[in-house]
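I have placed the structure first, in the form of structure tokens, so that the comments after it can refer back to it.
Rule-based calculations on the coordinates, nothing more; no lab input. None of the values given here were measured: they were computed from a predicted structure. Heads up, the Cβs are rebuilt from the backbone with ideal geometry, glycines too, and the neighbour counts pull from every protein chain shown.
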Amino acid sequence: METQNTTKGAALVIVGTPIGNLGDISDRAIRELKEADLICCEDTRRTGKLLKLLDIVPRPNLSVLNEHTEKIKSREIIQKIKSGSRIALVTDAGMPGIADPGEYLIKYAIENQVKLEIIPGPTAGVVALIASGLPSSRFVFQGFLPRKGIERQQRLTEIACEEKTTIMFESGKRLARTLEDLKNTCGEARDVVIARELTKLHEEIHRGDLSSMNKKVQTISNKGEFVLVISGSQINTDIDDATLIEELRKAINTGRTKRDAVKELAGKYSISKRRIYELSIEISD
């Protein structure tokens, strides 16, 4: 039988949880988890373990809300809140909605005029950005890259052209491939920071350019969670036309369209697309 929270008003409460170090959870977050009528989470085992570590007894009911169930369950959750429940949303680590489930539910709650409360917590991308030493006043977040196809290449090209610092997530198994793709798209000289297992016992921060990090990655454990921070594109006036034409030919020979090749090289060498486009005219289709 469900019980309703009578000490606070009905609401959807977004609760940030630690990304590694239990000591980073706030008193407010603990209080909200204790008092929630229901906690929506990615994995009941992981959230159950967190509640046990926080000595939350009796524990609130848990309901799985992940990438597969979020759209299906959102209506039910909002109806419960409208009936008076106070429901908390957590993910396995960090802030819900940041490359984790929650974005759809939050939007649905706003559309249905349900009260929304945010309990801030650690976010791996911001922690990595600060630790990177790269410019942090303006940045973009790319989340996880698409795994393959034209969508992946388009994202890589966006990063190559981006003038602001870029933050992205990656799995250990795909880290080496992504660094290689970034080197080929952004150029070897672009600075990158690899952050592994942030705030945890075996935290590692590796700094260098894409050339050196492509060599060093073989010595880095692929276990755990990774954040990459990539410096923004800088204006380059040193590259000559002959080199650009040769690069264009190589890109086109690997299956790129002229348009994609022009955009990619503009990002890689931080020069205007107009200049490269004019050079591309000399290359026959």
GNM top mover of Val114, Val193, Val227 - the chain, alpha-carbon springs below 10 Å
Val114
Using a Gaussian network model on the chain with a 10 Å cutoff between Cα atoms, which of Ser212, Ser132, Ser233 fluctuates the most?
Ser212
Give the relative contact order (percent, whole number) for the chain; include only Cα pairs under 8 Å separated by 6+ residues.
17 percent
Within 10 Å of each candidate Cβ there may be at most 15 other Cβ atoms; applying that plus a DSSP loop requirement, which trypsin sites (Lys or Arg not before Pro) in the range 68-154 survive?
Lys115, Arg138, Arg147, Lys148
For the chain, report the % of Cα-Cα distances exceeding 25 Å.
55 percent
Taking placed amide H atoms and a strict 5 Å upper bound, the residues 5 or more places from Glu225 or on another chain that come that close are Glu197
Report the local net charge at Leu134: Lys and Arg +1, Asp and Glu -1, summed over other residues whose C-beta lies under 13 Å from its C-beta.
0
Select from the range 201-269 those trypsin sites (Lys or Arg not before Pro) which occupy a DSSP coil region and have at most 15 other Cβ atoms within 10 Å, ordered by residue number.
Lys223
Where the Cα pairs of the range 170-285 fall when distances are cut into 10 Å bins, in %:
13, 39, 26, 16, 5, 0
Nearest-ten-degree value, helix 44-53 long axis tilted from longest Cα axis of the chain:
70 degrees
Within a Cβ distance under 15 Å of Arg75, other residues only, what is the Lys/Arg minus Asp/Glu net charge?
+2
With each run of n ≥ 4 DSSP H residues scored as -39500 (n - 2.57), what mean residue ellipticity at 222 nm is computed for the chain after dividing by its residue count and rounding to the nearest 500 deg cm²/dmol?
-12000 deg cm²/dmol
Candidate lysines - alpha carbon under 24 Å from Lys80, same-chain residues fewer than 8 apart omitted:
Lys8, Lys34, Lys71, Lys107, Lys115
In degrees, nearest 10, the alpha-carbon axis of helix 175-186 is tilted away from the dominant principal axis of the alpha carbons of the chain by 50 degrees
Using only the Cα atoms of the range 133-235, what semi-axes does the equivalent ellipsoid have when each is the square root of 5 times a gyration tensor eigenvalue? Give whole Å, largest first.
20, 16, 13
Amide H contacts under 5 Å for Asn61, placed H, 5+ residues apart:
Ile39
For Glu163, the residues 5 or more places away or on another chain with a placed amide H closer than 5 Å to its own amide H are Ser233
Please rank Phe169, Phe144, Phe226, fewest neighbouring Cβ atoms within 10 Å first, as an exposure proxy.
Phe144, Phe169, Phe226
For the range 241-280, what's the radius of gyration and Dmax over Cα atoms, in angstrom?
8.6, 22
Relative packing of 88-95, 270-277, which averages over residues the other C-beta atoms within 10 Å, highest first
88-95, 270-277
